[in-house]
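The values are calculated or read from the model by the stated rules, or taken from the named source; none is laboratory data. Here the structure is a predicted model, which is why all the values come from computation and not from measurement. Every residue, glycine among them, receives a Cβ derived from its backbone with ideal geometry; neighbour counts consider all protein chains shown. Just the protein is used for accessible areas: all its heavy atoms, side chains included, with ligands, DNA and RNA removed. Shrake-Rupley method; radii C 1.70, N 1.55, O 1.52, S 1.80 Å.
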Amino acid sequence: NRLAKAMQNKQTNKYLYNLQMKQTQNEKVKPIDKWEQELNNHNITWKIVFTNIYSSTIDTILRNFQYKYIMRIIPTNKSLMKYKIKSSNMCDFCNMQVETVKHLFWECKHIQHFWNNLSNWLKSINFTIDINFKNISLGILENPRLIGNKTKNFILILAKHFIFKHKHYREIP
């Protein structure tokens with residue numbers, strides 16, 4: 001009933017965020033458990049991860065995108081095929097691997113090229129981001145209140161959103 005009311009008020013993300021913040025450490029959340037396994041790191045400060053969504057940008061589209069990304073509900077061809085929306089689970093960019101979240105945003109050869117180009121461009125303006133799968137996925141978790149780290153997190157969210165938009169345009173970013 002609360003969720004329905006929140007959705008009517010168009011505050012779904014805020015409601016879900018608040019629920020996430022209230023959960024105790026003992027409760028296992030499937031996507032969080034999967035991130036910890038995939039990153040081989042069970043010491044992630046999830047409160048910072050979820051807080052970064054709101055401190056990195058005021059854009060509700062980017063906030064919504066990052067929340068869905070962290071909760072692993074970004075539609076990939078693997079999930080779309082599972083629900084019979086797509087006829088193939090292969091990556092739209094390389095057409096060589098199954099399109100999972102990790103492949104779409106990190107492993108694909110075209111996406112690796114994108115991240116390298118972004119990294120080189122940022123270095124050319126004397127701004128560096130340690131671009132790796134953990135930082136791309138969860139953001140910069142060290143010193144989250146530093147304006148430079150907020151900027152880095154914004155760039156990473158924006159870059160992922162750019163990749164995702166290009167997937168829908170069927171254009172290599």
Counting only protein heavy atoms with a 1.4 Å probe and every protein chain in place, the carbon and sulfur fraction of the accessible surface of the chain in whole percent equals 51 percent
Excluding residues fewer than 8 positions from Lys82 in its own chain, the aspartates and glutamates with Cα under 17 Å of it are Asp92, Glu99
Along principal axes, largest first, the alpha-carbon spread of the chain in whole Å comes out as 45, 42, 32
Applied in sequence order to region 55-65, the curve 6.51 cos²θ - 1.76 cosθ + 1.60 (Karplus, θ = phi - 60°) yields integer Hz couplings, x standing for Gly and Pro, of 8, 8, 7, 9, 5, 5, 5, 5, 4, 4, 4
Computed on Cα atoms, Rg of region 55-137 relative to 2.2 N^0.38 Å comes out at 1.24
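Please give the calculated 222 nm ellipticity per residue for the chain, where each DSSP H segment of at least 4 residues contributes -39500 (n - 2.57) and the sum is spread over every residue; nearest 500 deg cm²/dmol? List each step's numbers first, then the result.
Details: 9 runs with 100 residues, N = 173.
Computed ellipticity for the chain at 222 nm equals -17500 deg cm²/dmol.
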Going through Lys30/Lys152; Lys34/Lys123; Lys68/Lys150; Lys30/Lys123 one by one, the pairs whose alpha carbons sit over 30 Å apart turn out to be Lys34/Lys123; Lys30/Lys123
Region 65-173 accessible area per residue, 1.4 Å probe, protein heavy atoms, integer Å², reads 55 Å²
Toy charge model, Lys and Arg Cβ at +1, Asp and Glu Cβ at -1: the chain dipole around Cα centroid in debye, rounded to 20, equals 620 debye
Taking max minus min of the Cα coordinates of region 99-144 on each principal axis, largest first, gives extents in Å of 33, 24, 8
Residues whose modelled amide H sits under 5 Å from the amide H of Met90, counting only those 5 or more places away in sequence or on another chain, are Glu99
Karplus-derived 3J(HN,Hα) from phi for region 102-119 (6.51 cos²θ - 1.76 cosθ + 1.60, θ = phi - 60°), whole Hz, x at Gly and Pro, runs 5, 5, 4, 9, 9, 7, 4, 4, 6, 6, 4, 4, 4, 5, 5, 4, 5, 4
For the pair Lys82 and Leu122, the simple spin-label estimate (label points 7 Å beyond Cα toward Cβ) gives in nm 3.0 nm
Full extension between Met71 and Arg170 adds, at 0.36 nm per residue less the Cα distance, a length in nm of 33.2 nm
